[in-house]
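Encoded as structure tokens, the structure appears first; notes follow it.
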Amino acid sequence: MTELDFCFEEPLWQRQLQSLENQGCICAAQFLTVLEPEDQLAAEEAFSWLDEHHITLNIDDLPPVQLTGTAALRLKQEEQQSLADVTQGLDPNDPLLLYLQEVSMIPAAGDPQLLAERYSAGEHHVAEQLVNNCLSMVTQQAMAYTGHGVLLLDLIQEGSMGLWQSIIRYESGDFVAHAQWWIRHFMAKAVTSYARSSGVGLHLLESMQDYVDADQRLLTELGRNPVLEEIADALHISEQQAATVEKMVTQARSLQKIKMPEPEPTPEDEQAVEDTAYFQLRQRIAELLSVLPEQDAKLLTLRFGLEGGQPLTPVQTGEILNMTPQEVVRREAAALSRLRNV
């Protein structure tokens, strides 16, 4: 392999994800284990790679997120109730309730399919009408992604950004099906991103190692390959959970075949790469934010913790910037959409 070939070689995480992709979908749990050794910049690139290759994430096998306090109660309520029931008993000024009330008052006008075709043909002024027509679809889709640590209002916000992506990427065909895919895709990415930030990837790797250790120990003790039930008993988990981990272990072993030996970096090399990557990332963020109005740049900085702080919720951001949570959500979606076209 020449030096030039090496420079343009796909990163390891990309080659691994390509080997896991099955009919436009990757298991979110396996996605997290592949990205666990990677930094945040690589993770962002991986999420963008999913968009560009029209590959989504299946979150069904993600382990439940353990939460406590009022956030846990709210998340549990949103998971167990329907969209109509979840708003019962909420404070009149609750951001979720206010947003749903606002959406319910927007009249649906025009056929989504015809509006999408007009937008694709260059009539970009119909975009707002098309978005308003489909917002109720976003709220309905969001209920399927509750129970994974992400609040319903945040899921709706992510779905709204997915809706916008579906509009600007639409070319032909069934627009509603196209939009639903992008809405679900953005919600699945949000759930997976939250799981990554919560350390789920590391937990999954530990579970895989526990499975391998139990398998080897039982092989020695029994003098034969243990069955799934025996491994589950040894790990004190259900057979279904053991089967999920077993599948991940099998996939991880297959991924080992595409790994390539690399020279061991020195501590100086590692520090130089880390410093360069951090500098480049900070520089790129500053360049992107510079194209936005000052208030929108501040909004994104607060929401995503871009200056080293903790990411803030729409409510917290609104309190600082003197905006309603609904205005924060709308302006954030518009700002991110603008940055994606930079």
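Only the coordinates and a few stated rules stand behind these numbers; no lab work does. Source: prediction; values computed, not measured. Virtual Cβ from ideal backbone geometry, glycine too; neighbours counted across all protein chains shown.
General remarks:
- Along the axis of the charge dipole computed for the stretch 11-58 (Cβ charges of +1 for Lys and Arg, -1 for Asp and Glu, origin at the Cα centre), the listed residues 53, 24, 14 are led at the positive end by 24.
- Spin-label pair residue 313/residue 76, simplified geometry with 7 Å Cα→Cβ offset, distance in nm: 1.7 nm
- The calculated P(r) of the stretch 36-172, using every Cα pair and 10 Å bins from 0, goes 10, 32, 32, 21, 4, 0 in percent.
- Rounded, prolate or oblate (a/c below 1.5 giving rounded, otherwise prolate when a/b exceeds b/c) for the stretch 200-258 by Cα gyration tensor: oblate
- If R0 is taken as 51 Å, the Cβ-Cβ distance between residue 128 and residue 253 corresponds to a FRET efficiency of 0.50.
- Potential lengthening between residue 93 and residue 114 on full extension [0.36 nm per residue; Cα-Cα distance subtracted]: 3.9 nm
- Residue 52-residue 285 FRET efficiency (beta carbon distance; Förster radius 22 Å; 0.05 resolution): 0.60
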